[in-house]
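Peer 1: I have a structure I would like to understand better, so I am pasting it below and will then ask my questions one at a time.
Nothing in this text is a laboratory measurement; each read-out follows from the coordinates by a stated rule. These figures come from a predicted structure and were not determined experimentally. Neighbour counts run over all protein chains shown; Cβ positions are idealised from the backbone, glycine included.
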Amino acid sequence: MHPLRAFSAPAQARAELWRTALGAALAAGLAIGFGALARRGFFAAMAEGGPLATLIPPGAADMLGTLVGFLGVWPALWLVVRVLHRRPGATLFGPDGRVNWRHFRIGLGISLGVGALAWLPILHRHGPETFALAPLGVWAPLALAAAPMIFIQAAAEELFFRGYLLQQIAARTWSILGWSVLPSALFAMAHPAAAGPLGISWYHFVFGLVMAAVTSRTANLGGAIGLHLGTNLVNLLIVSPERHLSGLALFVYPPGMDARAAIYTYIAVMFLGATVFMARMDLRFLREWKAHKRATQSAGRPAEPLPMKIYAPGEATPRPAPPERP
């Protein structure tokens, strides 16, 4: 079975369009409500006399408060998937209900490496125009505290856009316009601060296409979460534009500095890499399908569908999927 079909298999039983649209709306509404409660609790702890009031600077508190709000996505999706679709929430990660941590580590390493490739030349060339937001002694503890929240935020977005939406749509259609382009467009529109022509962020649109490509060829969210986390660690904790998500960054650059070269380099390398990865995984699938077909025909049996496999980058042969849980 193709990895995309394997990934969408848990959604097959209840993939009606009305159910998916209702689920997406309910998940968004519940996420906003749960997120507001989480932020209220965080800012109450940040208020004067609260336990966090003297530990976190005001600028960092604003950014951390935004990240805390993404806690609401997790219970919202779990409720919708369990109640409306009658399946375990963990199947959003993949058909076996688990994160593939090997994929996660590979994705995280690739993303951090591409981020360094994109930003180090800019930081070197414009050194006088960049400055440390805080001394290392202040920044490092904040970064350590923020990193788990950035993971929660990155994973939450992947669970909704590449988990819930991609699975539900791919269960109905294999059209790339459905399972890849549509969730990526919604992902771009969910980032209005970076909007460009036509009112969407084209950076986030292409980034969404990359995440969809990785997920559709690995049958698991692990790789996409790793890539997303690495991207946000660089853009939130290391380098950010002044007055925009810079509350936690070690380096910020002023509005007059042209950072488009770093952004274009990053997204171009990621898109090219995702295209090559998709082609490689599809060729592997076709080779194995043909070998399986020849083997069954030579044994005098009719050709059977290729058993479900979960593909992992760098493995000599795909691993059989673990048995389904009752």
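Peer 1: Indicate the gyration tensor shape class of the stretch 94-163 (rounded, prolate or oblate), computed on the Cα atoms with a ≥ b ≥ c the square roots of the eigenvalues: a/c under 1.5 is rounded; otherwise a/b larger than b/c is prolate and the rest oblate.
Peer 2: prolate
Peer 1: Could you put SER240, SER298 in order, starting from the residue whose Cβ has the fewest other Cβ atoms within 10 Å?
Peer 2: SER298, SER240
Peer 1: Could you size up the charge dipole of the stretch 1-134 around its Cα centre, putting +1 on the beta carbon of Lys and Arg and -1 on that of Asp and Glu, and report it in debye to the nearest 20?
Peer 2: Using Cβ point charges on Lys, Arg, Asp and Glu, the stretch 1-134 gives about 660 debye.
Peer 1: Which of the peptides 249-255, 216-222 is most tightly packed, and how do the rest follow, judged by the mean count of other Cβ atoms within 10 Å per residue?
Peer 2: Averaged packing, sorted descending, gives the order 216-222, 249-255.
Peer 1: Given the peptides 59-72, 184-197, arrange them by the average over their residues of other C-beta atoms within 10 Å, most packed first.
Peer 2: 59-72, 184-197
Peer 1: Using alpha carbons only, how many degrees (0 to 90, rounded to 10) separate the axis of helix 73-84 from the longest principal axis of the chain?
Peer 2: It is inclined by approximately 30 degrees.
Peer 1: Placing +1 at every Lys and Arg Cβ and -1 at every Asp and Glu Cβ, with all other atoms neutral, what dipole size does the chain have around its Cα centre, in debye to the nearest 20?
Peer 2: Taking the Cα centre of the chain as origin, the dipole is about 1380 debye.
Peer 1: Pick out, from TRP202, VAL276, ALA188, the residue whose Cα sits farthest towards the positive end of the charge dipole of the stretch 180-290, with +1 on the Cβ of Lys and Arg and -1 on the Cβ of Asp and Glu.
Peer 2: VAL276
Peer 1: Checking the a/c ratio against 1.5 first, then a/b against b/c, what shape does the Cα gyration tensor give for the stretch 1-119?
Peer 2: Here the stretch 1-119 falls in the oblate category.
Peer 1: Moving on. Once both axes come from the Cα atoms, what is the angle between helix 58-68 and the longest principal axis of the chain, in degrees from 0 to 90, rounded to 10?
Peer 2: Helix 58-68 sits at roughly 20 degrees to that axis.
Peer 1: Using DSSP loop states and a limit of at most 16 other Cβ atoms within 10 Å to flag GluC sites (Glu not before Pro), what is the longest stretch of the chain containing no flagged site?
Peer 2: With a cap of 16 other Cβ atoms within 10 Å, the longest stretch comes to 49-241.
Peer 1: Multiplying the sequence separation of THR275 and ALA44 by 0.36 nm and subtracting their Cα-Cα distance, what value in nm do you get?
Peer 2: 78.6 nm
Peer 1: How far is helix 260-298 tilted, in degrees, relative to the longest principal axis of the Cα atoms in the chain, given as a value from 0 to 90 rounded to the nearest 10?
Peer 2: Relative to the chain, helix 260-298 is tipped by roughly 20 degrees.
Peer 1: Right, something else. Along the charge dipole of the stretch 3-314, which of ALA259, ALA15, LEU177 sits closest to the positive end, that is, farthest toward it, with unit charges on the beta carbon of Lys, Arg, Asp and Glu (+1, +1, -1, -1)?
Peer 2: ALA15
Peer 1: Quick check: pseudo-label points 7 Å beyond the Cα along Cα→Cβ at ALA259 and LEU144, how many nm apart are they?
Peer 2: The modelled label-to-label distance comes out at 2.6 nm.
Peer 1: Take every Cα-Cα pair in the stretch 206-275 and report what % of them are more than 14 Å apart.
Peer 2: Of all Cα-Cα distances in the stretch 206-275, 64 percent exceed 14 Å.
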